[in-house]
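A.B. asks: Shown below is the structure under consideration.
The values are calculated or read from the model by the stated rules, or taken from the named source; none is laboratory data. Bear in mind that the values here come from a model prediction, so they are computed numbers and not experimental data. Positions of Cβ are generated from backbone atoms using ideal geometry, with glycine treated the same way; all protein chains shown enter the neighbour counts.
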Amino acid sequence: MFIQTESTPNPATLKFLPGQTVLDMGTADFPSADTAGKSPLAGRIFAVDGVTGVFLGNDFVTVTKGDGVEWDHIKPAILGAVMEHFQSGQPVINDGDTAGSGHAEHTGEDAEVVDQIKELLDSRVRPAVAQDGGDITFHGFDRGVVYLHMQGACAGCPSSTLTLKMGIENLLRHYIPEVTEVRPVAV
């Protein structure tokens, strides 16, 4: 098994490409070791000292390291953990647990606008941020303000505010006049 790595715009995050499907659909975010219980793969990666976050996508694994930790020191152990997992035959996510679309549910008078927001996120935004090892999901919509949750490489990325304001906000405002602003939300 040959695992490629790619840098991301976030210097604390590295993207690992195992050359096979990681998740059939959706994404899974594990912002701490405490949240990795449902994923044997994330659990193995968190066993490496210095790992502070794991994000799983369709064909990639994004790993975030802590401050003061050098990639040169932990990258070989992460590569080993990923390879060991895929050779073990264990599932990426335990049976009964599933990865979802990531979008929050929204009902009410703005349901049509929210459906348009989710469609634009799914068709234009999420594929682009997946290239950088992250994901952005809908969290809420209130009086013209769209609340988005940033995951993987996008969480804590120095350019994430610029991406939200100049990229995503402009896109949503162009196609959906009801949108006036985009704000990040921590979950």
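A.B. asks: Is there a residue being part of a strand (DSSP E or B), under 17 Å from Phe16 (Cβ atoms) and within 20 Å of the chain's Cα centre (by Cα) anywhere in region 73-81?
C.D. replies: The answer is no; no qualifying residue exists.
A.B. asks: Now for a different question. Taking into account only those residues within region 112-151 that are exposed (fewer than 15 other Cβ atoms within 10 Å of the Cβ) and aliphatic (A, V, I, L, M), which is farthest from Leu23 (Cα to Cα)?
C.D. replies: Ranking the qualifying residues of region 112-151, first place goes to Val145.
A.B. asks: Moving on. Is it fair to say Asn58 is surrounded by fewer than 21 Cβ atoms within 10 Å (Cβ to Cβ), assigned by TED's automatic domain parsing to the domain that holds Val22 and assigned to a loop (DSSP other than H, G, I, E, B)?
C.D. replies: So Asn58 passes the test.
A.B. asks: Still on this structure, I have one more. Considering only residues that are farther than 17 Å from Ala77 by Cβ and more than 12 Å from the chain's Cα centre (by Cα), look in region 24-42 and name the one that is surrounded by the fewest Cβ atoms within 10 Å (Cβ to Cβ).
C.D. replies: Among them, the one singled out is Asp34.
A.B. asks: Could we say that Thr21 is outside the structural domain of Thr180 (by TED's automatic domain parsing), in a helix (DSSP H, G or I) and among the hydroxyl-bearing types (Ser, Thr, Tyr) here?
C.D. replies: no
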